[in-house]
Amino acid sequence: MKISRRSLSRGVVMLSLLTGLSGWVWAADVVKIGFVSPQTGPLAPFGEADKWVIDKMKAELKNGIQIAGKKYTVEIILKDSQSSPNRAGEVASDLILKDKVSLILTAGTPETANPVSDVAELNQIPAVSSVVPWQPWFFGRKGDPAKGFNWTYHMFWGLEDVIANFTNGWKSVKTNQKVGGLFPNDGDGNAWGDKELGFPKPLQSLGFSLTDPGRFQNGTQDFSAQISAFKKEGVEIVTGVVIPPDAKTFLTQAKQQGFNPKVVTLGKALLFPTAIEALGDLADGLTTEVWWTPSHPFSSSLTKQSAKALADDYETSTSKQWTQPIGFAHALFEVAVDSLKRAKSLSNQDVRDAVAGTKLKTVVGDVAWGGAGPFKNVSKTPLVLGQWNKGKKYKYELTIVNNEAAKAIPVGGTMRLR
């Protein structure tokens, strides 16, 4: 049969249209999840495990998920905040306006989570955040306790939990109860040092005295003023919330200047094996808050792995020591997938309503909003106290030394003086 040039042209046009339509239908069957965390910069240890977790999620979700009776391919888009609040906001905007994500996940201090949450709230896109104490996340974003937020939800512990854990540990050892505070001029430092919401008031009520030399900028190269103030007041306990490089600078200079506190309990800086390794011998006996470990008695709702199995999986596949953010990056995806599966549609409001209705047992514990948390947007997770000791498998290993605030999580030893 002879085909005319006009018929052939029509056929090519129709084929192009059909191909384009097929591509459009395929694209509509993709649900996109955005993830913003600090992959580079001074806060990078918070995001060290994220790519590993995301690869694990891609493998777990390779066959797609059912949303409102329809199957969707899952696309996960990771963006680097570069440890910059401005950059965090910019990439969150890109995820919403350019990538058209249905849900944003974010973690890793207020400098990343807060601007991402703000952008999501402004654009009416559901977002779930973590790895920020809830006070810096909620009040740092000027949250109204009477109203809360409409689009952004948070899962982590609060300052009341870290204060309880730190002081429980300090009460278990013999000191003069004189505390020196290292509170930088950032979201965490201003919250932890706040006279009403932070450490000062509860420390005083528990019989501890606090010396607070004032705020300093992250990346400070000289802590002589703080060390001098602590020595003058006879401080035997140092606490605060600093980035890892600042912890190393402070501890090195303290030793050089003959200041050897009996207890050093720092938030943020002492969480990660990489930061501890960088401290060398200064790391022995340091204490910190513990959000997640292989010994936590929880399992993943997605992979069914226990906390220990998840940590072992990480160590085996990366040849690195497990790190606390693994659990929370994983749990964020547990919440995301559970919410999407329960959503009535992929409209922003239906996904948001599914997030708000979450009641899920995750690898970091129970997550549920609108119930036992301080506000409708906050779900609290448990917290214990840990100490870095010389280890068997690794040079230093983190041991849970006080669980008075979360009895379900087993201790592995008792706290000692440095």
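Where a number appears in this text, it was derived from the coordinates with a stated rule and is not lab data. This structure is a prediction, so every number in the text was calculated from the model and none was measured. Note that each Cβ is placed from the backbone with ideal geometry, even for glycine, and that neighbours are counted across all protein chains shown.
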Over the chain, the sum of -39500 (n - 2.57) across DSSP H runs of at least four, divided by residue number and rounded to 500 deg cm²/dmol, gives at 222 nm -11500 deg cm²/dmol
Under 8 Å for C-alpha pairs, at least 6 residues apart: give me the relative contact order for the chain, rounded to a whole percent.
15
Calculated log₁₀ intensity ratio I(q)/I(0) where the Debye formula runs over C-alpha points of the range 100-143, q = 0.13, 0.17 Å⁻¹
-0.23, -0.39
Kirkwood-Stokes translational diffusion coefficient of the range 278-377, alpha-carbon pairs, 37 °C, 0.692 mPa s, µm²/s:
214
Rounded to the angstrom and largest first, Cα extents along the principal axes for the range 139-193 equal 47, 23, 17
Would you mind checking which residues have amide H under 5 Å from GLY391's amide H? H placed 1.01 Å from N; only 5 or more apart, or other chain.
TYR396, GLU397
Kirkwood Rh, angstrom, the range 105-222 [1 / mean 1/r, Cα pairs]
15.6
The range 305-354, relative contact order [Cα under 8 Å, separation at least 6], %:
20
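Over all directions, how big on average is the projection of the convex hull of the alpha-carbon atoms in the range 247-310, in square nanometres? If you can, show how the numbers build up before the last one.
Values: hull surface 21.2 nm².
For the range 247-310, averaging the hull's shadow over all directions gives 5.3 nm².
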If eta is 0.890 mPa s and T is 25 °C, what Stokes-Einstein diffusion coefficient results for the chain, Kirkwood Rh from Cα pairs, in µm²/s?
109
The range 275-381: relative contact order as a whole-number percent, Cα under 8 Å and 6+ apart
22
Using eta = 0.692 mPa s and T = 37 °C, Stokes-Einstein with Kirkwood Rh from Cα pairs puts D for the range 156-223, in µm² s⁻¹, at 257
Tell me which GluC sites (Glu not before Pro) from the range 185-293 have a DSSP coil assignment and no more than 16 other beta carbons within 10 Å of their own.
GLU196, GLU233
